[in-house]
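Okay, so here's the structure we're looking at.
Just so it is clear, none of the values below were taken in a lab; they were calculated from the coordinates. None of the values given here were measured: they were computed from a predicted structure. Cβ: placed from backbone, ideal geometry, glycine included. Neighbour counts: every protein chain shown.
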Amino acid sequence: MTILTDSSVWIDYFNGVNNWQTNKLDNCLGKEEIVIGDLILAEVLRGFKLDKDYNLAKKNLMYLPILKMIDTFIAIKSADNFRVLRKKGITVRKTVDMIIGTYCIENNLYLLYKDRDFDVMEKPLGLKVLSS
């Protein structure tokens with residue numbers, strides 16, 4: 001099983017927040033294939049205030065396989081998926097979350113997240129998620 005971990009979990013993880021998502025990430029590191037997307041890498045790294053924390057996080061995250069998440073196919077498929085959900089009365093708030101969810105669906109990846117935008121993608125779109 002390959003697991004893409006969203007920035008919502010990485011941010012909590014680096015901030016020492018204890019929840020089921022950070023515990024799951026901690027338990028999976030070294031046991032499962034954990035990957036990070038380039039968009040997620042940017043979201044996580046931009047939040048560090050101190051250079052030493054930024055550099056340490058960057059060094060550690062660079063050990064993970066980094067996936068290029070957006071190309072023409074994923075861009076169009078993300079728009080298609082957004083429209084499918086909107087027709088059902090569901091609006092995903094962030095475009096980047098729609099891209100991440102679509103990337104996972106198209107590449108058969110499990111998503112570990114703590115962001116309600118992904119909740120609505122599981123059943124109607126087939127997003128595979130890790131749960132507690």
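Give me the percent relative contact order of the chain, please, defined on Cα pairs under 8 angstrom at least 6 residues apart.
Normalised by residue count, the contact order of the chain is 31 percent.
In degrees from 0 to 90, rounded to the nearest 10, what is the angle of the helix 95-106 Cα long axis to the longest principal axis of the chain?
Tilt relative to the chain: about 80 degrees.
Only four residue types carry charge here, +1 at the Cβ of Lys and Arg and -1 at the Cβ of Asp and Glu. Report the dipole size of the chain about the Cα centre in Debye, rounded to the nearest 20.
Roughly 320 debye for the chain.
Could you work out which residue, out of Ile100, Ile90, Ile34, moves most in a Gaussian network model of the chain, that is, has the largest mean-square fluctuation with Cα springs under 10 Å?
Looking only at Ile100, Ile90, Ile34, the largest GNM fluctuation is found for Ile90.
Suppose only helical runs count, i.e. DSSP H with n ≥ 4. What mean residue ellipticity at 222 nm does that imply for the chain under -39500 (n - 2.57) per run, divided by all residues and rounded to the nearest 500 deg cm²/dmol?
Value at 222 nm, helices only: -15500 deg cm²/dmol.
Could you tell me how many degrees, from 0 to 90 and to the nearest 10, lie between the Cα long axis of helix 51-61 and the main elongation axis, the longest principal axis, of the Cα atoms of the chain?
Around 60 degrees separate the two axes.
Summing +1 for each Lys or Arg and -1 for each Asp or Glu, what net charge is found among the other residues whose Cβ lies under 15 Å from the Cβ of Ser8?
-1
Using Cα positions and a limit of under 30 Å, work out the lysines in reach of Lys94, with same-chain residues fewer than 8 apart set aside.
Lys24, Lys49, Lys52, Lys58, Lys59, Lys68, Lys77, Lys114, Lys123, Lys128
For a protection proxy built on the mean count of beta-carbon atoms within 10 angstrom, sort 75-84, 52-61, 106-115 highest first, please.
106-115, 75-84, 52-61
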